[in-house]
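Written out below as structure tokens is the structure these notes cover.
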Amino acid sequence: MRLFFVFLVLLQCALLAGLGFLPTDLIPYHEILPQDKILHFSGFFILTFLTFFIWDRPRRFYNVLLTAIPIGALAFGSEILQPILSPTRAYDSHDIVANALGTTAGLTLATIADHIREARYSRQQVRYEAIEMV
């Protein structure tokens with residue numbers, strides 16, 4: 001487990017929780033491109049990207065599962081619990097879509113970045129060949 005990324009994920013969770021309980025009238029809204037949906041997308045994009053790098057598993061598949069399951073549950077659960085915990089907020093299915101898209105994009109970028117990092121690391125390692133003894 002990488003503690004630096006744990007710290008960054010906790011910081012991002014605190015930021016998302018603070019924004020989640022912000023009264024709706026304080027969030028700017030525009031008809032064509034709602035700021036609220038951009039916040040949902042970017043918040044979960046960053047959270048997913050950082051969470052992926054917490055895990056140090058030998059196979060990338062485990063990192064994807066350990067990231068997608070809890071962040072996916074948080075993406076749906078936060079939107080369901082938000083109106084219960086904050087009287088100024090309401091349930092919005094478009095927020096869940098923005099959360100899911102941000103999670104998917106963050107997971108995709110993290111997987112690509114991890115693949116590039118592994119490829120670069122494997123090229124830098126010195127490879128020794130056995131010398132035949134006569």
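The values are calculated or read from the model by the stated rules, or taken from the named source; none is laboratory data. What you are looking at is a predicted structure, and each value in this text was computed from that prediction instead of being measured. Glycine also receives a Cβ, built like all others from the backbone with ideal geometry; neighbour counts cover every protein chain displayed.
Considering each residue of the stretch 42-58, count those that are over 18 Å from Val97 (Cβ atoms) and of a type in the set (S, T, N, Q), and give that number.
So the first thing to find is which residues in the stretch 42-58 are over 18 Å from Val97 (Cβ atoms), and the list is 49-58.
Adding the requirement that they be of a type in the set (S, T, N, Q) leaves 51.
So the answer is 1.
Per-residue answers, yes or no, for (1) modelled with pLDDT of 90 or more; (2) of a type in the set (A, V, I, L, M, F, W, C); (3) touching a Lys or Arg at 6+ places or on another chain (Cβ under 6 Å):
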position: Thr48; (1), (2), (3): yes, no, no
position: Pro58; (1), (2), (3): no, no, no
position: Leu65; (1), (2), (3): yes, yes, no
position: Gly72; (1), (2), (3): yes, no, no
position: Ile80; (1), (2), (3): no, yes, no
position: Ser86; (1), (2), (3): no, no, no
position: Asp92; (1), (2), (3): no, no, no
position: Asp95; (1), (2), (3): no, no, no
position: Asn99; (1), (2), (3): yes, no, no
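Tallying residues that are more than 16 Å from Leu109 (Cα to Cα) and in a helix (DSSP H, G or I) within the stretch 38-61 yields 3.
Selection over the stretch 62-101 of residues that are charged (D, E, K, R), in a loop (DSSP other than H, G, I, E, B) and touching a helix residue (DSSP H, G or I) at 6+ places or on another chain (Cβ under 6 Å) gives a count of 1.
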